[in-house]
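What follows is calculated from the coordinates using simple rules that are stated; it is not laboratory data. Not measured: the values here are computed from a predicted model. Because the Cβ atoms are built from the backbone with ideal geometry, glycine has one as well, and the counts that use them run over all protein chains shown.
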Amino acid sequence: MAMKRRTFVGAIAAAAILPAVAVRAQAPAKARVVVIGGGFGGTTAAKFLRLEDPGIAVTLVEPKAEFHTCPASNYVIGGFRKLADIVQDYSALAGRHGVRHVREAAVAIDPASKTVRLSGGQTLAYDKLVLSPGVDMRWGDIEGYDEAASATMPHAWHAGPQTALLRRQLEAMPDGGVVALSIPGLPYRCPPGPYERISLIAHYLKMAKPRSKILALDGKDAFSKQALFQDGWAELYKDMIEWVPLGQDGKIVEVVPGEMTLVSEFGQRHKAAVANVIPPQFAGNIARESGLADKAGQFEGWCPIDPFTFESTLAKDVYVIGDAANGGVMPKSGFSASSEAKAVARHIASLVAGRTPDLPVYINTCYSLVAPDYGISVADVFRPTKDGIVATPGAGGLSPRHPPDAAAFRHHEAEYAYGWYASMSQDIWG
Amino acid sequence: MNALACIAACLTVLLAVAGPAAAQSLAPTTGHTLAATCTSCHGPGGRSPGAMPSINGRSEAEIAKTMHEFKDDSRPATVMNRHAKGFSDGEIAAIAKEVASWR
Ligand SMILES: Cc1cc2nc3c(=O)[nH]c(=O)nc-3n(C[C@H](O)[C@H](O)[C@H](O)COP(=O)(O)OP(=O)(O)OC[C@H]3O[C@@H](n4cnc5c(N)ncnc54)[C@H](O)[C@@H]3O)c2cc1C
């Protein structure tokens, strides 16, 4: 009874701030879907729900008016793109696709009453909720690394001001300085991202500050596309890059921002001119605080999902996609998030239409630049099984290590990396 | 209809259709679902705004043939061979039909 009353109150509040779509539409909405987070997963979900069925009322909850993509943010750090080149906005989503964009943050989700409370105090009621809040940083996991420390030692793992800060620091540092990176163990957003960043910082230093060094301190012993990256580093940057794996005391456990010092597990102190600390992460706060993430175990802090639907295994009618979800072997990428979103949009639209939903397929391709004209990739076609998501055997994998005309191959893949960014921008925000 | 009445009606509809999802309760993967993956690279409707080739406006037969050539490595590729190998012959047929229908 109490729950029913809450739903009712929520519905009134929702109606108060939500009438645009419902009233403007010819027919009453067939269902109300609320999407939290206007990044790669959420924006795709909102747009594709409307493409699937314009009868579904879709509300996107995202405080920002503009979104800086992490993809291509390493190009800004490397100095060959501007921050303005990686901005997306929501004008097409609202104008062309009829998605209602509420510029507030979600502060609480109540799966029992099927409502979302917003930062402005209102409540939205939903029939289905899609949650794609990305990651938040585990502040304090590395001793001394909190939000304040990131103003001195940027993570630049959310794009925007942090990206600009790291770029400015690289421009300001003297030739001959050490750029130190601290890289976490898995799982984290974008497994190859740190190594693309190392590459593109090296590209900049090689031209502008050739006596400088990059010290990459890693919390693991192996990484995504490792052989391809290391081949490229040897070819392009010689001994500018030193990568220190976990087994050689690479894991950073403490930072002292005032002294620009990073401290390893076994007490080595590394002093740096620029320190890019990428801390361990977990599902965005809203997901964890609403009880949608595992509270213990190997995937503590990430949201468990049904591999066939991405519906939360902890709450009915809540679909968690993107980095926040534990997608098993699917890497936490923008491409994955968008692919998951399309599948979820299709699934929800099928349920609303009274159709049996079809089995999904998910794909991913992560392009990385080792230099502006040197690209590599990893690709996979994923399928859900009752034991989790699996990569289709015999398909996918890495760019070849020794293609017949290697220079041309790497050049083509760099062009396709830029091409992917252009297409993806249209596919998601267009 | 006012918003509240709509909300009540919607809830009834959803409660009726929602149910647990499992492999056996789902229909076979459609061409629509398979081809939705292509636009991340080839652009909406297969119209690429950048360096990726556009695949809009091609016949079903041409798309199917090209996908098979990628799948058996008889056509040079950087990435399409790795993707095409992930689809069965039946799925390639369904993809070709769907992509050829894009306007
Ligand atoms: C340096 C770097 C390079 C990368 N390069 C690539 C690449 O080349 N290719 C690739 O595919 N991926 C890449 N990625 C990974 C990619 O950025 C992420 O995987 C992707 O952004 C995940 O999408 P998402 O929807 O889960 O989260 P996001 O895209 O981060 O979106 C989350 C959104 O949710 C909003 N939000 C959070 N909490 C709330 C709340 N309470 N209420 C309302 N809104 C909220 C946030 O404001 C944000 O806009 C890269 C990442 C990094 C860091």
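Data for the structure
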{"item": "Straight-distance crosslink candidates among aspartates and glutamates, where the alpha carbon sits under 13 Å from A:K213 and sequence neighbours closer than 8 are dropped", "result": "A:D175, A:D239, A:E242"}
{"item": "Most mobile of A:Y188, A:Y75, A:Y418 in a GNM of chain A (Cα contacts under 10 Å)", "result": "A:Y418"}
{"item": "Computed E for B:S74/A:E66 - FRET, C-beta separation, R0 41 angstrom, nearest 0.05", "result": "0.35"}
{"item": "Loop sites in the range A:109-163: chymotrypsin sites (Phe, Trp or Tyr not before Pro), DSSP, at most 15 other Cβ within 10 Å", "result": "A:W139"}
{"item": "Most fluctuating residue given options A:A106, A:A31, A:A407, as computed from a GNM of chain A linking Cα atoms under 10 Å", "result": "A:A407"}
{"item": "The range A:52-95 versus the range A:201-229: alpha-carbon centroid distance in Å", "result": "28"}
{"item": "Net charge of Cβ neighbours under 9 Å - reference A:L93; Lys, Arg +1; Asp, Glu -1", "result": "+2"}
{"item": "Degrees, to the nearest 10: A:161-172 long Cα axis against longest axis of chain A", "result": "10"}
{"item": "Cross-link partners of B:K85 among aspartates and glutamates (Cα-Cα below 12 Å; sequence separation of 8 or more within a chain)", "result": "A:D380, B:E69, B:D72, B:D73"}
{"item": "GNM top mover of A:A108, A:A283, A:A293 - chain A, alpha-carbon springs below 10 Å", "result": "A:A108"}
{"item": "Total charge dipole magnitude, the range A:125-272, about the Cα centre, Cβ charges on Lys, Arg, Asp, Glu only, Debye to nearest 20", "result": "440"}
{"item": "Taking the range A:110-267 and dividing mean pair separation by its residue count, relative contact order in percent (alpha carbons under 8 Å, at least six apart)", "result": "21"}
{"item": "Proximal lysines relative to A:K47, as straight alpha-carbon distance under 18 Å, when same-chain residues fewer than 8 apart are discounted", "result": "A:K30, A:K64, A:K128, A:K342"}
{"item": "Taking chain A and dividing mean pair separation by its residue count, relative contact order in percent (alpha carbons under 8 Å, at least six apart)", "result": "17"}
{"item": "Summed residue charge, Cβ within 15 Å of A:T365's Cβ, Lys/Arg positive, Asp/Glu negative", "result": "-1"}
{"item": "Neighbourhood net charge (9 Å Cβ-Cβ; Lys/Arg +1, Asp/Glu -1) for A:A108", "result": "-1"}
{"item": "DSSP bridge orientation in the protein assembly as shown - percent antiparallel, rounded to nearest 5", "result": "55"}
{"item": "0 to 90° range, to nearest 10: angle between helix A:334-353 axis and chain A longest Cα axis", "result": "10"}
{"item": "Between helix A:406-429 and chain A: long-axis angle, C-alpha atoms, 0 to 90°, nearest 10", "result": "30"}
{"item": "Flagged links, alpha-carbon separation over 32 Å, of A:K114/A:K295; A:K251/A:K332; A:K225/B:K97", "result": "A:K225/B:K97"}
{"item": "Prolate/oblate/rounded label for the range A:149-280 (Cα gyration tensor, a/c 1.5)", "result": "rounded"}
